[in-house]
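Before any comments, here is the structure.
Nothing in this text is a laboratory measurement; each read-out follows from the coordinates by a stated rule. The shown structure was predicted, so the numbers you read here are calculated from the model rather than taken from an experiment. FYI the Cβ positions are ideal-geometry reconstructions off the backbone, even for glycines, and counts take in every protein chain you see.
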Amino acid sequence: MTNSTRGFTLIEMMIVIAIIVLLAGLTLGISNKVLRGSEIRKTKDAITLLDTAISEWETEMDRSITFASVGAVGGNYDIPSDGILGIPVFNAAVDQEDMYEAMDSRSEELWELLIEFEASKNILAKIHPDLIEEDEHGARVIDAWGSPIGIVFPCGDFEDSGLIALAQDASGDLTVRDQAEDGLGSCLNKRAYLVSAGPDGLWGYRYQANPYSRDDETWNATLDNVTSYEPFVVEDAR
């Protein structure tokens, strides 16, 4: 009687290894997808709370938050113009670094404004502590990927701006569109919206004002942005 013990052939071993690698890849892909979904939900929750805190502040003050932007001449504004994103659409588009700095500045100013009142401060306290960043410059709410949650303001009334018709926003709320709205989408009904740069950490830019400056890379970078509501976008301006 012969005892024949048969081992794995090289081909069989390669097949087994390939199956293990495939299963590991599928597991990793599913894990990444679940993690991404969790980060998006976490960011949306923070944006919802921040938006609610803004509503509480506006209810307390019986007016909207004001932002010194296009058409703003003199007066006191709750959040001062940061220059770069407060100029009309017929100027050049801003780059990623400028957009980040401007939104970071707005985020800090917004935080300082909201903690003035107990109601809005209490709502801010509900934001996940991982999404509140504090340094020597001040505090801000960040998204799950570490970028500041910025705010896009509706620009001044078109009639009061003294600008040419080219600058009138096509969203229908009779305002002027500045670079922030041009790049990230226009506000609706004169209501500011909150925006996260999304998982890729890039704000992107849609070039609404100039259909001849199409840039797929900067356009596509806006597609994963997370917002408090869907802004008005000139999709055919690409």
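Simple spin-label estimate for residue 191 and residue 118 gives 2.8 nm between the two label positions (7 Å along the Cα-to-Cβ direction from each Cα). Stretched out straight at 0.36 nm per residue, the stretch from residue 58 to residue 134 would grow longer than its current Cα-Cα span by 24.9 nm. Maximal additional length on extending the residue 77-residue 97 stretch stands at 4.7 nm, based on 0.36 nm per residue less the C-alpha distance. Note on residue 39 and residue 126: their simple-model spin labels are 2.5 nm apart, each label 7 Å out from Cα toward Cβ.
What distance in nm lies between label points placed 7 Å from Cα along the C-beta direction at residue 157 and residue 66? It works out to 1.2 nm between the two label points.
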